[in-house]
Every structure is written in C-alpha cells, then in structure tokens.
Amino acid sequence: MRDTTKHQGLRNQLASVLQAKGITDKKVLEAIRKIPRHLFMDSSFEAHAYQDKAFPIAAEQTISQPYTVAFQTEVLEIQPGDKVLEIGTGSGYQTAVLLELNAEVYSIERQHELFKKTSMFLPKLGYKPKRFIFGDGYKGLPEEAPFDKIIVTAGAPYVPKALLAQIKVGGRLLIPVGDKEQVMTLFIRKSPKEFEKHELGAFRFVPMLKKKN
Ligand code: SAH
C-alpha cells in the first residue's frame, strides 16, 4: 500500500471530525493529519482507515478509534522530551502520535505476534521509540521509571499500583478502568503520596490481559 493525496484528503477530513468532537490540541490534530493510519491496518480495511472507528488488527486486538487516541494524547499534555510509557503497543498508531509530539516513548506489548510485527513496522515509517518491550504492562517498566506520563490503551480491571508508583511528581497516568465499559481515569501525582483523580467519561477498549504468554 502507498500513501497518496487521496489518503491525505481523508486524513484532513478525519482531523476536522475530531475537532468537531471536541479535540482542540493543534499538535494532536497535526499528528492525525500526518500519520498514514491505513498503513497500520490490514489492507482489507483500507477503505475504512480514516473513519473515526476502531478496527481489528492481529491477535484479536484492535487499533483504537482515532477520537480515543486523540483524546488520550490531549489529556496527557505531552511536552517535547517527555518520557512516556505506553501499555499496549498494538498497531503502533498511538505510539506514532506520541512520537510526532516528540515524546521519548517506551512501549510494552504483551502479545508476541503484535510486538514482533509492530517493532519491525514502525521504524520503517521513521517512527522510533526509545524501546519496544515484550512484557506485561501490569508491572510497568521499573528499570526505566519514573515517567512523565503513562498511557494505558487496554481496559484495565483495576489500577495497577506499580503504574502509580512509576509516575514522576507532577506526572500523569491515564488509564481506562472497568470490565465491559471503562471509565477513562486520569491520575496526577501531586506529591510522593498524593494523587489527584479525574474521571473523564466512558470508553470501550479490549481488555488488558493478565498473564504473559
Ligand atoms: N494503542 C493500540 C491499542 C491496541 S489494543 C492501537 O491503537 O493500535 C490494546 C493492546 O494492548 C493490544 O495490542 C493488547 O495485546 C495489548 N495488551 C493487553 N494486555 C496487555 C498487558 N497486560 N500488557 C501489555 N499490553 C497488553
């Protein structure tokens, strides 16, 4: 598959749709206009790549809905150089958005097939995270902690303590919490012991898987 002016036109439309749904961060919208989302999906879904919908990728997982990706990124308030931990690499689309905002990204994926596929694919498009990790997101990444921001892109049954412990004071953890439907939950670390919690509405994610294969 290639990237063409037709795709570019569809991306511009998608960015307008996201803006109409309330996304205001110019850098996030710019990233949506730039990243060839159709290349992150199976070619049979190409015609749908710029609709504001989630679609299946490999291993029974999905590429998140563009609105969700834009919303999560906006809420994280990514600054250039932020050290960001992403749980659930999946297709790598969210990873690419974070990289477009000049974050330093560490991305964990629990399914080997997706880890392998995406860690080969993303650098070919010029998107190079600091590290791809094949592992279990419930544990975070203690050897690289603390992080400015942590983003979870699968539905978590509860908030893992390890993730709260790995954010810097002043940093943010954004995690969808719940079983069938999730409440997007933002934690801002105010001090070593205090977290401010904000609930930001209902979303639907594939479940965060418990054990590593
Ligand atoms: N941001 C991705 C979302 C993919 S769906 C995208 O837009 O493409 C969620 C991803 O989280 C899946 O790839 C799934 O395999 C992964 N995942 C699920 N449980 C996990 C865990 N415990 N640790 C790390 N990744 C996990």
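Values quoted throughout were computed directly from the atomic coordinates according to the rules given, and no laboratory measurement underlies them. None of the values given here were measured: they were computed from a predicted structure. Quick reminder, even Gly has a Cβ in these numbers, built from the backbone with ideal geometry, and neighbours come from all protein chains shown.
List of remarks:
- Residue order, fewest to most surrounding Cβ atoms within 10 angstrom, among Ser107, Ser119, Ser16, Ser191: Ser191, Ser16, Ser119, Ser107
- 5 angstrom amide H check on Phe55, placed H, neighbours 5+ away: Ile63
- When the C-alpha to C-alpha distance is required to be over 27 Å, the pairs from Lys53/Lys116; Lys53/Lys180; Lys53/Lys149; Lys161/Lys190; Lys27/Lys149; Lys21/Lys124 that qualify are Lys21/Lys124.
- R0 of 22 Å, Cβ-Cβ distance Glu30-Lys197: FRET efficiency to nearest 0.05: 0.15
- The chain: most fluctuating residue of Ala47, Ala15, Ala165 per GNM, C-alpha cutoff 10 Å: Ala47
- Ranked by how many other beta carbons lie within 10 Å on average, peptides 32-38, 198-204 from highest: 32-38, 198-204
- Whole-Hz couplings from phi, Karplus 6.51/-1.76/1.60, listed for the stretch 64-81; x for Gly and Pro: 4, 4, x, 4, 5, 4, 5, 4, 4, 5, 4, 5, 6, 6, 5, 9, x, x
- Max mean-square fluctuation residue, GNM over the chain, Cα-Cα springs under 10 Å, options Ala154, Ala31, Ala96: Ala31
- Over every Cα atom in the stretch 57-203, the radius of gyration and the widest Cα-Cα span, Dmax, amount to 14.0, 42 Å.
- Label zone at His112 (point 7 Å along Cα-to-Cβ), backbone N below 18 Å, the stretch 71-97: 89-90
- Here's the picture: a label point sits 7 Å out from the Cα of Lys190 along the beta-carbon direction, and within the stretch 142-184 the residues with their amide nitrogen under 13 Å of it are 170.
- Once both labels are positioned 7 Å from their Cα atoms along Cα-to-Cβ, the gap between Ala165 and Asn102 label points is 3.4 nm.
- Sequence-distant residues sharing a close amide H with Phe195 (under 5 Å, placed H): Lys190
- This ranking places Tyr67, Tyr158 by how few other beta-carbon atoms lie within 10 Å of each, fewest first, which gives Tyr158, Tyr67.
- Computed from Cα atoms, the angle from the helix 112-124 axis to the main principal axis of the chain rounds to 60 degrees.
- Charge dipole of the chain about the Cα centre (unit charges at C-beta), most positive-ward option of His198, Tyr127, Gln72: Tyr127
- Once backbone amide H atoms are built at 1.01 Å from N, Ile167 has Phe147 as its partners under 5 Å, excluding neighbours fewer than 5 places away on the same chain.
- Cross-link partners for Lys128 among the aspartates and glutamates, with Cα-Cα distance under 12 Å and sequence neighbours closer than 8 places in the same chain left out: Glu100, Glu104.
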